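K.L.:
For reference, the structure I am asking about is given below.
Derivation of every value follows stated rules applied to the coordinates shown; laboratory data play no part. Since this is a predicted model, take the numbers as computed values, not measurements. Positions of Cβ are generated from backbone atoms using ideal geometry, with glycine treated the same way; all protein chains shown enter the neighbour counts.
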Amino acid sequence: MTQPSIKAVIPAAGLGTRFLPATKAMPKEMLPVVDKPAIQYVVEEAVAAGIDDVLVIIGRNKNALANHFDRVTELEHTLEQKGDHGKLARVMEASSLADVHFVRQGDPKGLGHAVLRARKHVGHETFAVMLGDDLIDARDPLLSRMIEVSLAQSATVVALMEVDPSQIHLYGCADVDTTADSDVVRIKALVEKPKAEDAPSNLAIIGRYVLKPEIFDVLEHTEPGKGGEIQLTDALEELAEDESIAGPVLGVIFSGRRYDTGDRLEYLKSSLLLALDRDDLGPALTSWLKELTPTLD
Ligand code: G1P
């Protein structure tokens, strides 16, 4: 049986208020992590999982995103004339990765609402949702495992990661049962951003989902939840409560390297960690950090 083609949906219509003023005129998904915008890492991750069609849900300041995945012929021409083939290849990378489409969210009514905007493009197929705040290290593939589990069990699949209980209020949280696969759990219930004392576990939803098209019907009637927004977690909770709608909701537990670029301090750490791993920047950065450390209080 050939694997059905799976599309990826990247919601990028948030206001990015944590990074103001950098995000005043630019979506937060365009913030550079080392020398690539965060969203390019996400598209590369989709491509590595076999996806070649990506839909970005955009809000205000959409031009930077659209331009990034477009060709820039003048720049390409100048680099070509200069014979700078390394930079030319890097400029062209983003425009040749995948088919990237855009749709506007309109009113920013929450993640669930953003995902619902993908309905027409996705049609009746299983699809992936990837949030740009979470970068998954290319050496620790997660999405391909989630797709495998989803197709094998005709299931909705959410990525979960253990977090410190003091951090669970920042995430969707899952109540789970174990399964025969050590990295897969069955999700019994989900709650968006619970207080630590109310959380059913320390398993947090990280921003990767493999969803079945039935989610769209659920999202159509999902009422605003936490923060007055239509929450994807609430729609998934409805699926977990009633498996007759779309089969089971499973979690794939991720224990690899994840970089949280949605928070300023974590964003700085992520940039540093990724730069330390790079051949062109790592050695110089390491020696600078060594010099710097003894001077820190
Ligand atoms: C969203 C989801 C939340 C999830 C998180 C992962 O929240 O609503 O369930 O745990 O992404 O990054 P946000 O961080 O956009 O507020």
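K.L.:
Taking the mean number of other Cβ atoms within 10 Å as a proxy for protection, how do you rank 51-58, 244-251 from highest to lowest? Please list the in-between numbers first.
P.N.:
Values: 51-58: 21.8, 244-251: 18.6.
So the peptides 51-58, 244-251, ranked by packing, come out 51-58, 244-251.
K.L.:
If you don't mind, there's one more thing I want to ask. Could you tell me the calculated FRET efficiency between residue 80 and residue 177, based on Cβ-Cβ distance and R0 = 45 angstrom, to the nearest 0.05?
P.N.:
Working from the Cβ atoms, E equals 0.20.
K.L.:
Let me ask something else. From the gyration tensor of the Cα coordinates in region 203-258, what semi-axes in whole Å does the equivalent ellipsoid have, largest first, with each one equal to sqrt(5λ)?
P.N.:
21, 16, 9
K.L.:
What's the Kirkwood radius of the chain in Å, using all Cα pairs?
P.N.:
Hydrodynamic radius (Kirkwood, Cα only) of the chain equals 20.2 Å.
K.L.:
Would you work out which of 239, 165, 187 lies farthest towards the positive end of the dipole of region 156-249, given +1 charges on the beta-carbon of Lys and Arg and -1 on that of Asp and Glu, about the Cα centre?
P.N.:
It is 165, whose Cα lies furthest towards the positive end.
K.L.:
In region 243-297, what GluC sites (Glu not before Pro) fall in a loop by DSSP, with at most 15 other Cβ atoms inside 10 Å? Walk me through the numbers on the way to the answer.
P.N.:
Numbers: sites: 243, 266, 291; in loops: 243.
Filter output for region 243-297: 243.
K.L.:
Considering only the other residues whose Cβ falls under 12 Å of the Cβ of residue 12, what net charge follows from Lys and Arg at +1 and Asp and Glu at -1?
P.N.:
Local net charge: +3.
K.L.:
Translational D (Stokes-Einstein, µm²/s) of region 175-297 at 25 °C and 0.890 mPa s when Rh comes from the Kirkwood sum over C-alpha pairs?
P.N.:
Reported coefficient: 138 µm²/s.
K.L.:
Sticking with this one: Using DSSP, restrict attention to beta bridges with both residues in the chain and report what percent are antiparallel, rounded to the nearest 5.
P.N.:
55
K.L.:
Same structure again: Distance cut-off 21 Å, Cα to Cα: go down the list 28/62; 36/226; 36/193 and report the pairs above it.
P.N.:
Check vs 21 Å cut-off fails for 36/226; 36/193.
K.L.:
For the chain, what relative contact order do you get, as a whole percent, if you take Cα pairs closer than 8 Å and at least 6 residues apart?
P.N.:
20
K.L.:
Still on this structure, please answer the following. What net charge do the residues around residue 256 carry, taking every other residue with its C-beta under 14 Å from that of residue 256, with Lys and Arg at +1 and Asp and Glu at -1?
P.N.:
Its environment carries a net charge of -3.
K.L.:
I've got another one for you. Test of the criteria: in region 142-244, which chymotrypsin sites (Phe, Trp or Tyr not before Pro) are in a DSSP loop and have at most 16 other Cβ atoms within 10 angstrom of their Cβ? Don't skip to the end; give the middle numbers.
P.N.:
Details: sites: 171, 209, 216; in loops: 171.
Hits after loop and neighbour filter: nothing returned.
K.L.:
If we count every other residue with Cβ under 11 angstrom of residue 40's Cβ, Lys/Arg +1 and Asp/Glu -1, where does the sum land?
P.N.:
Summing Lys and Arg as +1 and Asp and Glu as -1 gives -3.
K.L.:
Right, here's the next one. Need the C-alpha centroid separation for region 95-148 versus region 230-262, integer Å.
P.N.:
Cα centroid to Cα centroid, the span is 14 Å.
K.L.:
Going by C-beta contacts inside 10 Å, put 162, 197, 45 in order with the fewest on the left. Write down the numbers at each step before the final one.
P.N.:
Values: 162 13, 197 7, 45 23.
The order, fewest Cβ neighbours first, is 197, 162, 45.
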